[in-house]
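Enquirer: Following this message is one structure expressed as structure tokens.
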Amino acid sequence: MTSLIDRLKGINLYLIGMMGAGKTTIGQQLAAALGYQFFDTDSVVEQATGQSVSDLFATQGEPAFRQLETQVLAELSTYRRLVIATGGGIVLERSNWSYLQHGVIIWLDVPVATLFDRLKSDTTRPLLQTADLLARLQTILEARQPLYQQADLQISITSEESPQAIANRILMNIPSVLKPDQSIADLN
């Protein structure tokens with residue numbers, strides 16, 4: 001682990017993927033393993049505004065939420081040694097990529113059926129308030145998948161794997177996107 005921490009040279013890890021992919025849970029595991037701080041962009045937006053994401057969507061709309069999300073990402077990206085769980089739609093805003101690309105971008109790729117099982121009773125996500133949740137998840141994933149695929153590392157997740165096992169697999173795979181004795185920041 002020490003050699004990986006040395007090779008990362010303090011660069012941030014950004015977790016992207018669909019809502020319900022486990023970015024927050026796995027991000028906390030990664031941060032603990034690396035001795036990094038953990039942030040969830042949705043939580044930071046909620047703390048900054050004093051409103052839940054659902055309330056922000058309802059009162060200000062998705063564009064206003066996305067603007068706040070970008071501001072949070074811009075601020076967090078100025079720090080080092082962070083694991084950042086991003087909102088599922090953060091990849092939609094082109095300017096966000098300029099922040100994400102200063103770290104290692106990790107896509108948690110979860111099958112739609114697994115996302116459905118995880119989210120079917122969640123009433124807090126504004127984009128999922130629909131009669132046909134499975135179709136909605138499929139539509140969102142199809143729209144975002146080409147953007148998610150731009151990640152440095154794609155981690156396919158099965159429902160049987162524990163968050164700790166997924167975090168360990170990510171840690172084992174990060175060196176594959178780093179050149180010998182070079183951090184990802186040197187590649188951009």
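Enquirer: With label points built 7 Å along Cα→Cβ from the Cα atoms of Lys9 and Arg94, find their separation and express it in nm.
Expert: 2.9
Enquirer: If you don't mind, another one. Under 8 Å for C-alpha pairs, at least 6 residues apart: give me the relative contact order for the chain, rounded to a whole percent. Before the final figure, lay out the partial values.
Expert: Details: 259 pairs, mean separation 62.1, N = 188.
Relative contact order of the chain: 33 percent.
Enquirer: Most fluctuating residue of Ala21, Ala48, Ala151 in a GNM of the chain with Cα springs under 10 Å: which is it?
Expert: The residue with the greatest mean-square fluctuation here is Ala48.
Enquirer: Could you go through the stretch 164-178 in sequence order and give the Karplus-derived ³J(HN,Hα) for each residue, using 6.51 cos²θ - 1.76 cosθ + 1.60 with θ = phi - 60°, rounded to whole Hz, and x for Gly and Pro?
Expert: Using θ = phi - 60°, the values come out as 5, 5, 5, 4, 4, 5, 4, 4, 5, 8, 4, x, 5, 9, 9 Hz.
Enquirer: Moving on to the next point. Show that you can apply the helix-only estimate: for the chain, add -39,500 (n - 2.57) for every DSSP H stretch of four or more residues, divide by all residues, and state [θ] at 222 nm to the nearest 500. List each step's numbers first, then the result.
Expert: Values: 9 runs with 91 residues, N = 188.
Value at 222 nm, helices only: -14500 deg cm²/dmol.
Enquirer: Please give the peptides 69-82, 3-16 ranked by average Cβ packing (other Cβ atoms within 10 Å per residue), highest first, as a rough proxy for protection.
Expert: On the way: 69-82: 17.2, 3-16: 19.1.
Ranked from most to least packed, the peptides come out as 3-16, 69-82.
Enquirer: Which FRET efficiency, nearest 0.05, do Asp117 and Gln154 yield, Cβ-Cβ r, R0 22 Å? The partial results should precede the final answer.
Expert: On the way: r = 21 Å, r/R0 = 0.96.
Taking R0 as 22 Å, the efficiency between Asp117 and Gln154 is 0.55.
Enquirer: Now for a different question. In the stretch 2-176, what is the volume of the convex hull around the alpha carbon atoms, normalised per residue and reported in Å³? Don't jump to the answer; show the numbers that get you there.
Expert: On the way: hull volume 18.9 nm³, N = 175.
Looking at the stretch 2-176, the number lands at 108 Å³ per residue.
Enquirer: For Val83, what residues show an amide H to amide H distance below 5 Å, using hydrogens built from the backbone and excluding near sequence neighbours?
Expert: Leu13, Gln37, Phe38, Phe39
Enquirer: What FRET efficiency, computed as 1/(1 + (r/R0)^6) with R0 = 45 Å and r the Cβ-Cβ distance, is obtained for Asn173 and Ala135, rounded to the nearest 0.05?
Expert: Details: r = 32 Å, r/R0 = 0.71.
Efficiency at R0 = 45 Å is approximately 0.90.
Coordinate-derived values only; no laboratory data. Please read these numbers as outputs of a predicted model, since none were measured by experiment. Neighbour counts are summed over all protein chains in view; Cβ atoms, including those assigned to glycine, are modelled from backbone coordinates with ideal geometry.
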